[in-house]
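Computed from the coordinates by the stated procedures, all read-outs in this text should not be read as laboratory data. Please read all numbers here as calculations on a predicted model, not as lab measurements. Here the Cβ positions follow ideal geometry from the backbone for every residue, glycine too, while neighbour counts run over all protein chains shown.
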Amino acid sequence: MNSIFNSPFEVSLRVLLILENSNGLLYSSDMLAAIDFMAVYGQDFGISDNNMHGNNLFKYSEFATRRELTKEATRNLVLKDLISVDCGQNGFTYTITTIGIQYCSSLKSDYANCYREMVTKVLNYIEDMSEKKVLNLINEHSIRSLRKGGN
């Protein structure tokens, strides 16, 4: 039996929830992965009182994998017409479609609602940051964590 955890399907659901709350902004797959990572590990960034996926010594090593999963997830979501892709001077960026918004309305679990709240907090936190700055912030936290022995 295949696990849905840490799969493109799981990441797809979170990408939809991010884009649902993005107010029509276009995000690259790397930025979507960064927003997702910060939402799940909000405590590390001072955004939340706890991490949605708990504390784990290897969380920053997850980020590279999450970026790849997000690329696969966005590809799948575009094929299902749940998000649309724009190819501009900044590369491929994504926004949610009407079908994607309708699909999100069916996601009503406690986890989905908590995740939506965390996404809102992350989007407010990074509002004036460039993608490069957000990715550098995650990298800085990763280095700091390594120096502290994974904490």
For the chain, with the dipole built from +1 on Lys and Arg beta-carbon atoms and -1 on Asp and Glu ones, taken about the Cα centre, which of V40, N139, L13 lies farthest toward the positive end?
N139
Between the DSSP loop rule and a limit of at most 11 other Cβ atoms within 10 Å, which chymotrypsin sites (Phe, Trp or Tyr not before Pro) in the stretch 44-151 are left?
F58
Taking the Cα centre of the chain as origin and charging only Cβ (+1 Lys, Arg; -1 Asp, Glu), how large is the dipole, in debye to the nearest 20?
300 debye
Most exposed first by the Cβ proxy, i.e. fewest other Cβ within 10 Å, how do C104, C87, C114 rank?
C87, C114, C104
With springs only between Cα atoms under 10 Å apart, run a GNM on the chain and tell me which of S22, S12, S105 wobbles the most.
S105
How would you rank K121, K133, going from fewest to most other Cβ atoms within 10 Å of each one's own Cβ?
K133, K121
Given a Förster distance of 25 Å, the FRET efficiency implied by the Cβ-Cβ spacing of E62 and E127, rounded to the nearest 0.05, works out to 0.55
List K108, K59 from most exposed to least, where exposure is judged by having the fewest other Cβ atoms within 10 Å.
K108, K59
Take each complete run of DSSP H in the chain, measure how far its Cα atoms stretch along the helix's own axis, and keep only those covering 15 Å or more with mean Kyte-Doolittle hydropathy at least 0.0; list them.
8-20, 29-40
Of the candidate values (i) 11, 43, 36, 9, 1; (ii) 12, 33, 28, 17, 8, 2, 0; (iii) 12, 41, 31, 12, 3, 1, 0, the one computed for P(r) over Cα pairs in 10 Å bins from 0, in percent from this structure is (i)
N113 paired with N139, simple spin-label distance in nm, labels 7 Å along Cα-to-beta-carbon
3.9 nm
